[in-house]
Each structure stands twice: as structure tokens, then as C-alpha cells.
Amino acid sequence: DTEVTQTPKHLVMGMTNKKSLKCEQHMGHRAMYWYKQKAKKPPELMFVYSYEKLSINESVPSRFSPECPNSSLLNLHLHALQPEDSALYLCASSQDISVGYEQYFGPGTRLTVT
Amino acid sequence: SQELEQSPQSLIVQEGKNLTINCTSSKTLYGLYWYKQKYGEGLIFLMMLQKGGEEKSHEKITAKLDEKKQQSSLHITASQPSHAGIYLCGAAMEYGNKLVFGAGTILRVKS
């Protein structure tokens, strides 16, 4: 089973709201990733967690706050977002953070900021 | 990403025809990944290449990594409507599984 699940599928939020995106995998993977994909663009890496610790933060604004409560779960907390943050947010996981381990992606959360 | 050039940008082929998508980097690639995406959906993992000269096949799709590990190609034989979608190459260019993606190739298959 190579399934990564993401909830919700769609999210509409105002600029003053606080919301969270959730990602889950049960493959025993120890690395988890958040990517942002704008329309007609490739995914761009935001954060990487390895063994539940934040390993990479690609200079993402603090209005995005990741959290990894356990090895199966990854959250992305959203606060005071801007309309330009509207995008498809993709979660991925891999067995390890080292090169050579394929990353499996979830279906994404389509976020619209109004 | 300009670090990874993908071509062509889009492709329309007649069902049954073969096609090739290329992915080129100016830097050595530690790992090269091919994914397929339907618009607005997640990425589906196709293949991963690491060694220079490596070639992998799955059903009608073959991917190769050149000896210098700077260029990869994805070849589809006898294309079918189910092959339609966006093909993305992703590369790990430094230690760690931090992927940079090419701009993608939109493939349409006419039946």
C-alpha cells in the first residue's frame, strides 16, 4: 500500500482565519514533505521532516506552520494567509530523507484564500 | 525550475505513436524521478533512476539516465489515451531527498 491521504480535499478560508491541513501515511516512512503547487507550475518544496524533526524549511513565511505529531501524521497550520497563497498543497512521504527513496504523494488539498 | 529543463512543453500524439520527453540539468543529478499528474491531483510515481546509464521500464514506459547523470528521457511506446496527463521530472541535486521539479510536459493522446 503506497497511499498518502490528505484532508480536506478543498478548503476556502478568509485572510483572518486559522485552519489546518492534515496528511497521513501508514507505510512506516520516516520522511514527510509539504509542497506548494500554483496553477500550471511544478510543485515547490516547503518543508521536510525526518524522524519527526524539521529538517528543511525553504524560507517559507511564518504564516505557514508545520507540525509532525508522530511518524504517521503531518499537519500544516495556516494563519493570516494572503490570496496569493491559494494553491494545491501536496504532502509526500518517503522511507528515508536520503536520496534514492521514492516520494509518494497524496491527492492534495486545494486551498482558496479569499 | 531553471535548474531542470524539461522538453517539450506540450505534446499531442496520435494513439499508437511513440513519444519521448527529455529532462536536462547543468548539474550532476543524485537521483532523477519521473511522475505523472492529472490536472489538480496528486503526483503518481513512475520511476526513479540513480546510476549513470541506468534504464528502467514499466509496462510501455521506459526511462533512462545518461552516463554523466545530467540528462534523462522518458519514452512511451504505442501511446494510449490513458497515458494523457502532465509528466514531471524531479531531481535531487544535493545530499538529501530535496526534489526540484521541471516545468512539466503536457501530453495529449488523440484517439
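The values are calculated or read from the model by the stated rules, or taken from the named source; none is laboratory data. Quantities reported herein were computed from a predicted structural model and do not represent experimental measurements. Because the Cβ atoms are built from the backbone with ideal geometry, glycine has one as well, and the counts that use them run over all protein chains shown.
Within the set A:E67, A:E84, the sole residue that is modelled with pLDDT of 95 or more, under 13 Å from the mean Cα position of the chain (by Cα) and surrounded by fewer than 18 Cβ atoms within 10 Å (Cβ to Cβ) turns out to be A:E67. Within the range A:12-62, being more than 14 Å from chain B (Cβ to nearest Cβ), over 15 Å from A:I97 (Cβ atoms) and either among the polar types (S, T, N, Q) or surrounded by fewer than 14 Cβ atoms within 10 Å (Cβ to Cβ) (or both) holds for A:V12, A:G14, A:M15, A:T16, A:N17, A:K18, A:S20, A:H26, A:P61, A:S62. Answer yes or no: is there a residue in the range B:9-22 that is under 11 Å from the mean Cα position of the chain (by Cα) and either surrounded by 17 or more Cβ atoms within 10 Å (Cβ to Cβ) or free of Cβ contacts under 8 Å to residues at least 24 places away in the same chain (or both). The answer is yes, given that some residue of the range B:9-22 is under 11 Å from the mean Cα position of the chain (by Cα) and either surrounded by 17 or more Cβ atoms within 10 Å (Cβ to Cβ) or free of Cβ contacts under 8 Å to residues at least 24 places away in the same chain (or both).
From the list B:Y95, B:Y33, B:Y39, the one residue that fits, being within 14 Å of another protein chain (Cβ to nearest Cβ) and modelled with pLDDT of 90 or more, is B:Y33. Each residue in the range A:34-58 was checked for being within 19 Å of A:L21 (Cα to Cα) and free of Cβ contacts under 8 Å to residues at least 12 places away in the same chain, and 2 pass. I'd like to check something: does the range A:76-94 contain any residue that is in contact with a His (Cβ under 6 Å, 6 or more places away or on another chain) and assigned to a strand (DSSP E or B)? Yes - at least one qualifying residue is present in the range A:76-94. Annotation: of all residues in the range B:42-53 being within 12 Å of chain A (Cβ to nearest Cβ) and assigned to a loop (DSSP other than H, G, I, E, B), the one that is surrounded by the most Cβ atoms within 10 Å (Cβ to Cβ) is B:G42.
If you scan the range B:80-111, which residues turn out to be buried (at least 21 other Cβ atoms within 10 Å of the Cβ) and either in contact with an Asp or Glu (Cβ under 7 Å, 6 or more places away or on another chain) or without any contact (Cβ under 8 Å) to a residue 12 or more places away in the chain (or both)? Once the filter is applied, which keeps residues that are buried (at least 21 other Cβ atoms within 10 Å of the Cβ) and either in contact with an Asp or Glu (Cβ under 7 Å, 6 or more places away or on another chain) or without any contact (Cβ under 8 Å) to a residue 12 or more places away in the chain (or both), the range B:80-111 yields B:V100, B:G102.
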